[in-house]
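The values are calculated or read from the model by the stated rules, or taken from the named source; none is laboratory data. Predicted, not measured: the structure shown is a model, and the values here were computed from it. Positions of Cβ are generated from backbone atoms using ideal geometry, with glycine treated the same way; all protein chains shown enter the neighbour counts.
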Amino acid sequence: MRTVETRFSVPQSPDQVWSVLIDYPSYARWNSFMREASGEVGVGKKLNITLYSSSGSKMSFKPKLLVIDKDRELRWKGHLIVNGLFDGEHYWMLTRNASGGTDIVHGENFKGLLVGVFKPEKFKVEYERMNRDMAVEIARRYPAPVASAATPALAPAAAVQ
C-alpha cells in the first residue's frame, strides 16, 4: 500500500469547511482538479467524480462513500475497472485547532496490482492544488474574522468642563 497525504489549515471552523467539502455542485466553479462531482451524500452511496490533472488528462470514476462523520471525516473508495487493480481510499479528516480554525488532512491510500505502474505519488501535486482551491473557496464563503489584537484601543473620552 502507498499513501499520499497532504495537510493544510484554515481559520474557519470544521462545520464551515464541511459545508464546502460536501457541496459537490459547486466543485465545477472552484475546484480545478475535481471539477465534476455529483451524488447523494450517504454511506454506501456512489458518487460520480471526474478529475482533471494539471497535465490535461481526465479520469472519471464512481467511488463508494465509506465514512461520513459530519464536520470530522469524509472517506470513499474507488477503483480502476475492477477491485484489486488500482484501488484508492480517498479521505479528508477535519480537526478543530487551538485557534478555532480547522486542520485538514487530505490524502489517499492506494493498493492493487497496478500501483507501481500508476505511481500514486504524482497525485500529491494535484491534491495540493485542490487544497489551495478549497482554502480560497472556504475564505470566499466564510471570511475570517479580523483579529481583535489588530483593533486599536479607544482613547478615553475627554472630560467635559
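One residue stands out in segment 31-45 among those that are touching a residue at least 12 places away in the same chain (Cβ under 8 Å) and of a type in the set (D, E, K, R): the one that is nearest to Asn131 (Cα to Cα), namely Arg35. When segment 92-122 is limited to residues that are of a type in the set (Gly, Ala, Ser) and at negative phi, the one that is surrounded by the fewest Cβ atoms within 10 Å (Cβ to Cβ) turns out to be Ala98. Selection of first residues in segment 1-16 that are without any contact (Cβ under 8 Å) to a residue 40 or more places away in the chain and of second residues that are surrounded by 13 or more Cβ atoms within 10 Å (Cβ to Cβ), restricted to Cβ pairs under 7 Å at least 6 apart or on distinct chains, gives an empty result. Evaluated against (1) of a type in the set (Gly, Ala, Ser); (2) farther than 19 Å from Thr50 by Cα; (3) modelled with pLDDT of 95 or more, Ser148 falls short on exactly one condition, (3). Within segment 42-53, the residues that satisfy the criterion of being in contact with a helix residue (DSSP H, G or I) (Cβ under 8 Å, 6 or more places away or on another chain) and either at pLDDT 95 or above or under 17 Å from Glu89 (Cβ atoms) (or both) are Leu47, Leu51.
Among the residues making up segment 103-142, those that are farther than 18 Å from Tyr52 by Cα and part of a strand (DSSP E or B) are Asp103, Ile104, Val105, Asn109, Phe110, Lys111.
Across segment 77-102, the qualifying residues are those that are under 19 Å from the mean Cα position of the chain (by Cα) and not in a strand (DSSP E or B), and the one among them that is nearest to Pro14 (Cα to Cα) is Gly101. Consider segment 74-102 and keep the residues that are free of Cβ contacts under 8 Å to residues at least 24 places away in the same chain and hydrophobic (A, V, I, L, M, F, W, C). The one that is nearest to Asn48 (Cα to Cα) is Ile81. Of everything in segment 10-30 that is touching an Asp or Glu at 6+ places or on another chain (Cβ under 6 Å) and within 13 Å of Met130 (Cα to Cα), the residue that is surrounded by the fewest Cβ atoms within 10 Å (Cβ to Cβ) is Trp30. One residue is enough: does segment 56-65 have a residue meeting the conditions part of a loop (DSSP other than H, G, I, E, B), at positive phi and at pLDDT below 95? Yes, because at least one residue in segment 56-65 is part of a loop (DSSP other than H, G, I, E, B), at positive phi and at pLDDT below 95. When restricted to residues that are β-branched (Val, Ile, Thr), in a loop (DSSP other than H, G, I, E, B) and surrounded by 15 or more Cβ atoms within 10 Å (Cβ to Cβ), segment 31-55 contains 0. In segment 51-59, is there at least one residue being touching an Asp or Glu at 6+ places or on another chain (Cβ under 7 Å) and farther than 15 Å from Ala135 by Cα? So far as segment 51-59 goes, yes, one or more of its residues are touching an Asp or Glu at 6+ places or on another chain (Cβ under 7 Å) and farther than 15 Å from Ala135 by Cα.
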